[in-house]
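Handing you a structure now.
The values are calculated or read from the model by the stated rules, or taken from the named source; none is laboratory data. Please read these numbers as outputs of a predicted model, since none were measured by experiment. Ideal geometry is used to build each Cβ from the backbone, glycine not excepted, and the neighbour counts take in all protein chains shown.
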């Protein structure tokens, strides 16, 4: 069997080298600008312009994908996915109806083709009534007010709750309070589902870092045994992991079940919804709103690029595949993104993430004080940035004669992975300060026409880039949930003015978190503890104050 695990100790020299690569390239990009400014301002100017030109090409693609992705998500939410799923019960009859229809819904032609293929080979596809969704909700110390709305969102969806197995996986280290919360939730909601099980993940198990991966893997192993006892075929079970603050779109489970059925190679697929951090967007401070909105748009953009789509946060995967590969990694604090690589290498490159164009709504970061919220946001971003730890994992499995994936497919994925982390660290710093670096660092640069013209050129390019920002602001307002009654209209002004913070957020949070994580990785000071993001609500904050 292929070894999927991340080494906890005794890393090889090649593994340690590639752990250092993200930090070396990111720091090297900044240092190179300084060195070139000192030695040759013209070369420094060319370097900055090349960097910005590359960024503009990317930005144009980002703007396009943001617009198209937003429209696709808007249309997908209007589709009757439950109706389409029910069509799969009798594909021949449904094909006759759909094929003659004059509607032009998103994917209607694809739906008709799926029905045609199923009608031609009816015994090769599972039936909707045979499909079960197993939903694992890991929790550490989240209060009832955070987790209960997530369960309500699952129940109120269009998929039959009696075909949903809900597993609440709670941590022993969370203490008595969380145990009381999950028992209360079980007592209130068990009768609404096929089953509702609560599973305590013991603390300090061997071969685990303190993180979500160990918890959901422990729950997955329980689920495997439970399904065997219930004589439910694991080939017909789709497992979804939801954080305690996740609110799936009402049609999410129907949509996933539909895509699962109509794809032939379903074991080698994962299903990725669009995570939108909008649940409490009106309540969080302005810096957190900018971060949350930016992350939401990045997830929209990713959904439009299936060749680069990776597992992130909430996602779904067939139980058959999870059992075969040993579920999730217990040795990383970024088990969601790592699951893509774990699956891709296990299946020898035969693994694909299918975009699901409906949202999973999540909370933006909010703690019970302003300063705690600011700190919690950085902690969350540094954890996400620690996805750079996948660079050595991928590199050592691609750059070897023992690889089990095609070299060029692995190489291109490796380069995209590395580029993404380096760009996160460097781009905002070079864009903000690169135009002035030669003049400030090297007094002789004032004699260089190129160095003197660089700030002006960059200013023009930045004004062009503002078009993308205006698109983002416009779409951000369209996505906003209704303003709560507790806020007056002047809150809308803050939703626009917040974007003035964008340069500070990009450097103070995104770049700083990336450099922090990459530098720790570079020096072997590993992040081996999952710092749970604060998930306070207005209600819990008010309760503490009263």
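Can you tell me which of (1) under 26 Å from residue 221 (Cβ atoms); (2) buried (at least 22 other Cβ atoms within 10 Å of the Cβ) is the one residue 85 doesn't meet?
Only one criterion in (1) under 26 Å from residue 221 (Cβ atoms); (2) buried (at least 22 other Cβ atoms within 10 Å of the Cβ) is unmet by residue 85, namely (1).
Read through the list (1) more than 22 Å from residue 211 (Cβ to Cβ); (2) in contact with a strand residue (DSSP E or B) (Cβ under 6 Å, 6 or more places away or on another chain), then give the number of the only condition that residue 360 fails.
Result: residue 360 passes all but (1).
So is residue 204 under 20 Å from residue 268 (Cβ atoms) and surrounded by fewer than 16 Cβ atoms within 10 Å (Cβ to Cβ) or not?
No.
Then there's this: Only one of 331, 350 is surrounded by fewer than 23 Cβ atoms within 10 Å (Cβ to Cβ), part of a loop (DSSP other than H, G, I, E, B) and out of contact with any helix residue (DSSP H, G or I) (no Cβ under 6 Å at 6 or more places or on another chain); which?
Sole residue among the options that is surrounded by fewer than 23 Cβ atoms within 10 Å (Cβ to Cβ), part of a loop (DSSP other than H, G, I, E, B) and out of contact with any helix residue (DSSP H, G or I) (no Cβ under 6 Å at 6 or more places or on another chain): 331.
Further question: Go through the residues of the range 319-327 one by one and say whether even a single one is under 23 Å from residue 406 (Cβ atoms), surrounded by fewer than 23 Cβ atoms within 10 Å (Cβ to Cβ) and in contact (Cβ under 8 Å) with a residue 60 or more places away in the chain.
yes
Specify which of the listed residues (243, 283, 254, 264) is in a loop (DSSP other than H, G, I, E, B), in contact (Cβ under 8 Å) with a residue 60 or more places away in the chain and under 30 Å from residue 117 (Cα atoms).
Exactly one of 243, 283, 254, 264 is in a loop (DSSP other than H, G, I, E, B), in contact (Cβ under 8 Å) with a residue 60 or more places away in the chain and under 30 Å from residue 117 (Cα atoms), namely 264.
Which one of the conditions (1) part of a helix (DSSP H, G or I); (2) in contact with a strand residue (DSSP E or B) (Cβ under 8 Å, 6 or more places away or on another chain); (3) crowded, with 24+ Cβ neighbours inside 10 Å does residue 273 fail to meet, given that it meets all the rest?
That leaves (1) as the condition not met.
Can residue 221 be described as at pLDDT 95 or above and in contact with a helix residue (DSSP H, G or I) (Cβ under 8 Å, 6 or more places away or on another chain)?
no
Specify which of the listed residues (44, 59) is in contact with a helix residue (DSSP H, G or I) (Cβ under 8 Å, 6 or more places away or on another chain) and modelled with pLDDT under 80.
59
So which of 511, 497 is surrounded by fewer than 12 Cβ atoms within 10 Å (Cβ to Cβ), closer than 28 Å to residue 432 by Cβ and modelled with pLDDT of 85 or more?
497
Among the residues of the range 29-57, which ones are within 27 Å of the chain's Cα centre (by Cα) and in contact (Cβ under 8 Å) with a residue 60 or more places away in the chain?
29, 51, 52, 55, 56, listed by residue number.
Conditions first: (1) closer than 23 Å to residue 426 by Cβ; (2) modelled with pLDDT of 75 or more. Residue 466 passes all but one, so which condition is the exception?
Here residue 466 clears every test but (2).
Quick check on my filter: what residues within the range 142-162 are under 25 Å from residue 211 (Cα atoms) and within 22 Å of the chain's Cα centre (by Cα)?
142, 146, 147, 149, 150, 151, 154
Is it the case, given these coordinates, that residue 88 is in contact (Cβ under 8 Å) with a residue 60 or more places away in the chain, over 30 Å from residue 434 (Cα atoms) and out of contact with any strand residue (DSSP E or B) (no Cβ under 8 Å at 6 or more places or on another chain)?
yes
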